[in-house]
Each structure stands twice: as C-alpha cells, then as structure tokens.
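As structure tokens, the structure follows; a few thoughts come after it.
The values are calculated or read from the model by the stated rules, or taken from the named source; none is laboratory data. Because the structure is predicted, anything quoted here is derived from the model rather than measured. For neighbour counting, all protein chains shown are included, and Cβ atoms are generated from backbone atoms with ideal geometry for every residue, glycine included.
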Amino acid sequence: MDFRVINCRGCGRLFSKTDKGRLCPECVKALEEKFFQVREYIRENKGASIIEVSRENEVSVEQIKEWIREDRIELDSATDPDFCCMTCGVPIKSGKYCEYCKKKMVNQLSGVYVQKQPTQGEGGVQHNGERMRFLQK
Ligand SMILES: [Zn+2]
Ligand SMILES: [Zn+2]
C-alpha cells in the first residue's frame, strides 16, 4: 500500500496521507492563510508575545512555536525559554540555533567559502547556496 488514510490533525476529516504531513489539503491552505495573517500581525505589533499573537489570531501557541522553529516568523524579543540555541543555549528569536552557532556550522559545512580564498575559482556554487539561504528568510 502506497497511501494511508488518516484523520486530519486540524479538522478530523479522513484523507489520504501525503508527504505534507498530517493535515488535509484544506487545512494546509487555511494554515498558510493563518501564517500570513500572523506574520502581518507580528510586523504591525512589534514586541507582541507568543500568547498575544495566539490570542489575537486564533492560532495555537504550539503552531506559532512551530513556525518560529521553522524560522518562518521571528519574535521581536528573545525571551521565551522554549527558544534557545540547541548548541549553546543562548536565547534566540527564531530557528534552532543562534547566529554565532549558525555561522560556525556554515563554516564547517563550506569551510572553503567562508575562509575566503580569493585565488580559488571554485567559489561560485557555494556562494549561490549562501545567497539562497538569505533569500528564504
Ligand atoms: Zn483538515
Ligand atoms: Zn548557539
């Protein structure tokens, strides 16, 4: 069997599972719309806490935290104890790692590029990769 029918985590309806996770297509769409609403709200209400964002947008705190972990939204203040760098424990605003550890990891992944060796002509591809990471934010 290639597909499984499961209950949607959002509305409880049965649907055949896709690689999108545990939400039916309708809920995925609704969630995307929520996401844009939340992102807009955070932009207009700088400094809002997760609780406030949750209350004002009718989104669960867990969902907001998921977005933050996915680095899709960013809190204005890094005060939530749930958000600490997984490597060094420093409070962060979004994602899983602090800027310092992120840099360190990039260094390890593509040491050649970060150390900047101007004499090597191979930098193009890695440079692109780096730029794409920025664009995603
Ligand atoms: Zn659903
Ligand atoms: Zn760190």
**Prompt:** Looking at this structure, is E62 away from ligand 2 (no atom under 16 Å from the Cβ), more than 19 Å from the chain's Cα centre (by Cα) and either surrounded by 11 or more Cβ atoms within 10 Å (Cβ to Cβ) or at pLDDT 85 or above (or both)?
**Reply:** no
**Prompt:** Can you spot a residue in the range 17-27 that is more than 30 Å from I6 (Cα to Cα), more than 16 Å from ligand 2 (Cβ to nearest atom) and free of Cβ contacts under 8 Å to residues at least 40 places away in the same chain?
**Reply:** no
**Message:** Conditions first: (1) among the charged types (D, E, K, R); (2) farther than 23 Å from F83 by Cβ; (3) modelled with pLDDT of 90 or more. R22 passes all but one, so which condition is the exception?
**Reply:** (3)
**Asked** Only one residue in E40, E33, E56, E44 is at pLDDT 90 or above and within 16 Å of ligand 1 (Cβ to nearest atom), so which one is that?
**Response** E33
**Fill in**
Those residues of the range 87-104 that are without any contact (Cβ under 8 Å) to a residue 12 or more places away in the chain and loosely packed, with under 15 Cβ neighbours inside 10 Å come to a total of 4
**Prompt:** Considering the range 4-16 alone, what residues qualify as being within 12 Å of ligand 1 (Cβ to nearest atom) and either within 15 Å of I73 (Cα to Cα) or not polar (S, T, N, Q) (or both)?
**Reply:** I6, C8, R9, G10, C11, G12, R13, L14, F15
